[in-house]
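Undergrad: There's a structure below that I have some questions on.
The values are calculated or read from the model by the stated rules, or taken from the named source; none is laboratory data. On a predicted model such as this, the values are computed, not experimentally measured, just so you know. Here Cβ is always computed from backbone atoms with ideal geometry, including for glycine, and neighbour counts include all displayed protein chains.
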Amino acid sequence: MSIRITGTGLFHPTEAISNQELVASLNAYVERYNQQHAEQIAAGELEELRGSSEAFIEKASGIKSRYVVEKSGILDINRMYPRLTERSNDELSLQAEWGVTAARQAMQQAGVTADDIDVVILACSNMQRAYPAVSIEIQSALGIKGYAYDMNVACSSATFGLKQARDAIQAGARRVLMVNVEITSAHLNFKSRDCHFIFGDVATAAIIEASTDKAGFELVDINLQTQFSNNIRNNFGFLNRCEDAFGDGLLFNQDGRKVFKEVCPLVAKMINQQLEKNQLNADQIKRFWLHQANANMNELILKYVAGKQAEAARAPIILDEFANTSSAGVMIAMHKTAHEVAVGEYAILSSFGAGYSVGTVLLKKVA
Ligand code: CO8
């Protein structure tokens, strides 16, 4: 059975924040904090906060800008998180709304309607609520029958979601709609210079189906791995209230340097194993759609896999415009550069992130 991705969709909010705007906001906050706490800092009771810099952000990550759900609340140094209006239970939730928009595009590209789809999977890092599953809301808004569920494997949610989609089709489902809606700015500590620049908000979607004649990307092989690490954590959860735990410490935090060092060789090893298993060499892979966390990381992984001379264009970067959009990053890279792969050529989609979790998906363009 040839199981393929036959359509993809992408939605991003209209508001964006440049590095310049973000750094100006953090630095104003830092300056005010240091002034307000000058005495304790001088007495050695508090540590002085250090400012951020545009040059550092671009050099360390490749990020220049990011789309966000709401800009003014993030940049307001008295708030530093998006300003959203609570919706009633009768309205479509924000996450479902973005998911539906991306899904409609993917369905149109695949030439399918709601009646053709049996399964909806929302695969992403942060769910707007515990239940009812947001995927069921998306399913209902689109008028899809069958079943839906939410799943979270952090930045690897999309590759793990593709495995779930393939399994569902092998078990009899006709088509799966996978949606990745990442509203990361709601869970980011914009007061921390270490991570305030990293993430952006977006939604992607894909249609996966069995076909012998539809254009798309065949899922040739999927390789998943998880390995426990404390180096990327988000401790926000429903037990916080009972633990009397509150504050910014519960938001996303990581030891980026360790992640960089540990994850690059792991990903390269898994891609090389996949190539060997499928009797391919790296030169036969036209595009490596790698997780979009850091441009330097992707450059290094490409070198490990395809050699020092590998052309940078073989691992497309969308970080400059979107920043790290967690699970959606690989899907954006694919959506934007799928046309660069000719029928019969191969591509690899590879995600990596918290867990650690790594997924590599070998794809072949088919007509
Ligand atoms: N401006 C200026 N200087 C800075 C800044 C800043 N903003 N931040 C740090 N510095 C300084 C540091 O203090 C340090 O200076 P010194 O040596 O004097 O102390 C120096 O710059 C170097 O700091 P780092 O070592 O921290 O910098 P790196 O070069 O390692 O770059 C990165 C930091 C960009 C974070 C990099 O380490 C990286 O990208 N690592 C990989 C991260 C990664 O892949 N993470 C996985 C993705 S996350 C995920 O999977 C979870 C999903 C979560 C969903 C969304 C939730 C919001």
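Undergrad: Quick one: Glu58 ticks every box in (1) in contact with a Lys or Arg (Cβ under 8 Å, 6 or more places away or on another chain); (2) within 25 Å of His291 (Cα to Cα); (3) part of a helix (DSSP H, G or I); (4) more than 16 Å from the ligand (Cβ to nearest atom) bar one, so which box is it?
TA: Every condition holds for Glu58 apart from (4).
Undergrad: Looking at Glu15, Glu47, can you tell me which residue is within 16 Å of the ligand (Cβ to nearest atom) and surrounded by fewer than 18 Cβ atoms within 10 Å (Cβ to Cβ)?
TA: Matching residue, one of Glu15, Glu47: Glu47.
So that you can scan it fast, the table gives a plain yes or no per residue for (1) in contact (Cβ under 8 Å) with a residue 40 or more places away in the chain; (2) surrounded by 23 or more Cβ atoms within 10 Å (Cβ to Cβ); (3) among the hydrophobic types (A, V, I, L, M, F, W, C); (4) closer than 25 Å to Leu219 by Cβ:
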| position | (1), (2), (3), (4) |
| --- | --- |
| Gln274 | yes, no, no, yes |
| Asn278 | yes, no, no, yes |
| Arg287 | yes, no, no, yes |
| His291 | yes, yes, no, yes |
| Glu299 | no, no, no, no |
| Tyr304 | yes, no, no, yes |
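Undergrad: Out of (1) in a helix (DSSP H, G or I); (2) within 16 Å of the ligand (Cβ to nearest atom), the odd one out for Leu84 is which?
TA: (1)
Undergrad: Among the residues of region 18-44, write down those that are surrounded by fewer than 20 Cβ atoms within 10 Å (Cβ to Cβ) and within 30 Å of Met334 (Cα to Cα).
TA: Ser18, Gln20, Glu21
To keep it simple, each residue is scored yes or no on (1) assigned to a strand (DSSP E or B); (2) out of contact with any helix residue (DSSP H, G or I) (no Cβ under 9 Å at 6 or more places or on another chain); (3) farther than 20 Å from Ser211 by Cβ; (4) away from the ligand (no atom under 16 Å from the Cβ).
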{"site": "Arg104", "(1), (2), (3), (4)": "no, no, yes, yes"}
{"site": "Gln108", "(1), (2), (3), (4)": "no, yes, no, yes"}
{"site": "Val120", "(1), (2), (3), (4)": "yes, no, no, yes"}
{"site": "Asn126", "(1), (2), (3), (4)": "no, no, yes, no"}
{"site": "Ala130", "(1), (2), (3), (4)": "no, yes, yes, yes"}
{"site": "Ser135", "(1), (2), (3), (4)": "no, no, yes, yes"}
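Undergrad: Can you name the condition, by its number, that Gln40 falls short on among (1) within 16 Å of the ligand (Cβ to nearest atom); (2) part of a helix (DSSP H, G or I); (3) farther than 22 Å from Ala186 by Cβ?
TA: Against the list (1) within 16 Å of the ligand (Cβ to nearest atom); (2) part of a helix (DSSP H, G or I); (3) farther than 22 Å from Ala186 by Cβ, Gln40 comes up short only on (1).
Undergrad: Scan Arg50, Arg66, Arg87 and give me the residue that is out of contact with any helix residue (DSSP H, G or I) (no Cβ under 6 Å at 6 or more places or on another chain), farther than 23 Å from Met331 by Cβ and touching a residue at least 40 places away in the same chain (Cβ under 8 Å).
TA: On inspection, the qualifying residue turns out to be Arg50.
Undergrad: Could you go through region 310-327 and let me know if any residue there is modelled with pLDDT under 95, surrounded by 18 or more Cβ atoms within 10 Å (Cβ to Cβ) and not polar (S, T, N, Q).
TA: yes
Undergrad: Between Ala210, Ala203, Ala215, which is among the small types (Gly, Ala, Ser), closer than 27 Å to Tyr67 by Cβ and touching a residue at least 60 places away in the same chain (Cβ under 8 Å)?
TA: Exactly one residue qualifies, and that residue is Ala203.
Rundown of residues vs (1) touching a residue at least 24 places away in the same chain (Cβ under 8 Å); (2) within 9 Å of the ligand (Cβ to nearest atom), yes/no style:
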position	(1), (2)
Phe190	yes, no
Arg193	yes, yes
Arg241	no, no
Lys258	yes, yes
